[in-house]
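Only one structure is covered here, and it is reproduced in the block below.
FYI, it's all coordinate maths here, none of it is from the lab. Since we're looking at a predicted model, the values are computed, not measured. Positions of Cβ are generated from backbone atoms using ideal geometry, with glycine treated the same way; all protein chains shown enter the neighbour counts.
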Amino acid sequence: MNNKRRVHLEIQTHRKNPRGLIRTSFRKDGKNSHETISTLTGLSFEQLKLIQAALQGNVVLKKDFVIKHSKEYGASYALLQLAKDLELDKMMYSRTSEKWVHDCLAMIIGKVIYAGSKLSLTRVTSDSCLWDVCGVAQDKIDANTHCYQSMDKLYKRQNAIQKKLAEKHLNNNSIILYDITSSYLEGSYGDSEIVTWGYNRDKKKGHEQIVIGLICSSEGCPIAVEVFRGNTKDDSTIEKKIIQIKKDFGIENAIFVGDRGMITQTQFSRIQENEINYIRTISALTHSQLAELCEKEFVQMSMFDKKETIQVIDPNKPEIRYGLSKNNVRGEKDKATREILITKTEAQLEKISNLKRPADDATTGIRVGKVINKYKVGKLLKVNITDGKISWERNQKKIQEAEALDGLYVIFTDVKEEDMNISEVVKKYRKLIGVEQAFRNLKTAQLEIRPIYHKTDERMKCHVFLCMLAYYLMWNAKQRLLPLFEADRDGQNKKYTFKHIIERLKSIRKETVEIEGVATTILTECDEEQQLILDYLNVKVK
């Protein structure tokens, strides 16, 4: 909408009853064009003349001009148009007029704009046009009818929707990124088959959890998500994901990139046994795997260079290439982290040593074992227990051996060298930051995948899927806004964030204006910045 256009009222009297058209005029292609914003019916000719005079700038007393209602419109409308432009509604269901499709669109868009729970989303109607622009009557938005029942239908369509996303964003030569995270839950879930205790990646103790696996394109665009039982290990999901890529998505000859330690040598063997070795893999060694590799004769510590990646090949496994690198900044962090863990362990040992009531060696050993297992520095300390008393000292030799590995990292792959050199392999692995970014947006204030309020497994799974679709919408919005963000980085005052974008769009409001008892609905004019945002999103507000 051009913020320089003025509106006027055109009164038509050729009908039995007069009617008014609130219009705006502008020049287009050298010709005068008109756009009708609103139609006024049921008013007398005198009332229409009064409104016409007001719009022409003639005096209207303040007491006769009242803004009765004002609701957020711009963000909801813009994201809905973006969703339709991406054909997200058609991916959800071919019959886009279905009520549940409208409900789910409102929940997806609402998650981006407002976050929060489904129940809180039903309560935004007094200040937002969200449900209205999505085609849902706002008389009463009920959480059970408009949210939970519609979610049940969305969940049944998850596989079909993910296939369509894969068709759109993946192909036979794709780089496919995969990572998993955990999300903790509050309360009791005794009847759940997926909520249980497990390794919490958020360091949130005392909570049961679920595990979430996310597949993204090489650019970080979310494609598919799956919820696993809370004690699921990272590497146990790999084969299932690779088979899904083939059978569900029909992808051949892709490169699967998994996070550190996900793809083990055992995984390589099982993948080949299952005849899915057309999928090549890229991953990184864990700390223990790196230490084991450094003991091999074909690896020398001098090969680790901070300026370039050095390739080595195990003569016993020539199909696997290793990329050796060193990062001094990371090395300093590794050293500092180890010192913190040793210090914490020593502090806990000191507490056990100072207990007033002495215990036998077995009991003391159990207590010491718990401390050492907690901080995982047992090899770095020499602990002695005699007559219930503890003594310890640092194992300097082991500490020096650990320091030699600080800052080292190794990427490995079975992608053939003629298809990708080792530097390119490292670059592809680093693209996993796109999945990490997705998890951050899903789990933090932007989309708030947690806390999870649902109590049934299917609803929890659908909640995660719905959050993924919200991130898909947000990711595509950010892609369109990239020129704006990049231009902002080059400036002195960096102000553009996605949150700021949403807030600016939210200030485009739909208002009900009453003049002399006659009410009409209008949109606030877009300012220059709002219009710039809408242009980048390729959305026209009307």
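Computed from point charges on the beta carbon alone (+1 for Lys and Arg, -1 for Asp and Glu), the dipole magnitude for the range 303-369 about its Cα centre is near 260 Debye. Kirkwood Rh over alpha-carbon pairs of the range 205-339, then Stokes-Einstein at 25 °C and 0.890 mPa s: what D in µm² s⁻¹, rounded to an integer? Using the Kirkwood radius from Cα pairs, D works out to 142 µm²/s. Listed peptides 322-328, 41-47, 378-384 appear in the order 322-328, 378-384, 41-47 once ranked by packing, highest mean of other Cβ atoms within 10 Å at the front. Quote the Stokes-Einstein diffusion coefficient, in whole µm² s⁻¹, for the range 329-403, based on the Kirkwood radius over alpha carbon pairs, a temperature of 4 °C and a viscosity of 1.567 mPa s. Answer, rounded: 100 µm²/s. Structural descriptor for the chain: relative contact order 20 percent, calculated from alpha carbon pairs under 8 angstrom and at least 6 residues apart. Qualifying GluC sites (Glu not before Pro) in the range 144-206, where qualification requires a DSSP coil assignment and no more than 12 other C-beta atoms within 10 Å, comprise Glu186, Glu193.
Relative to the dominant Cα principal axis of the chain, helix 74-85 is inclined by about 70°. Oblate is the label for the range 142-271, because a/c, from the alpha-carbon gyration tensor with a ≥ b ≥ c as root eigenvalues, is 1.5 or above and a/b does not exceed b/c. By the helix-only formula, in which each DSSP H run with n ≥ 4 contributes -39500 (n - 2.57) and the sum is divided by residues, the chain has a 222 nm mean residue ellipticity of -12500 deg cm²/dmol. Counting only Cβ charges, +1 for Lys and Arg and -1 for Asp and Glu, the dipole size of the chain around its Cα centre is about 1240 debye.
Per Stokes-Einstein, at 37 °C and 0.692 mPa s, what whole-number D in µm² s⁻¹ belongs to the chain, with the Kirkwood radius over Cα pairs as the hydrodynamic radius? Intermediate results must be reported in sequence, preceding the final value.
On the way: Rh = 27.9 Å.
Here the translational diffusion coefficient equals 118 µm²/s.
Packing around the peptides 415-423, 110-118, taken as the average count of other Cβ atoms within 10 Å per residue, puts them in this order, highest first: 110-118, 415-423. Mean sequence separation of contacting Cα pairs (under 8 Å, at least six apart), scaled by the length of the range 329-403, corresponds to a relative contact order of 30 percent. Among 523-531, 22-30, 347-355, sorting by the average number of other beta carbon atoms lying within 10 angstrom of each residue, highest first, gives 523-531, 347-355, 22-30. Within the range 99-203, the proportion of Cα pairs with more than 20 Å between them is 58 percent.
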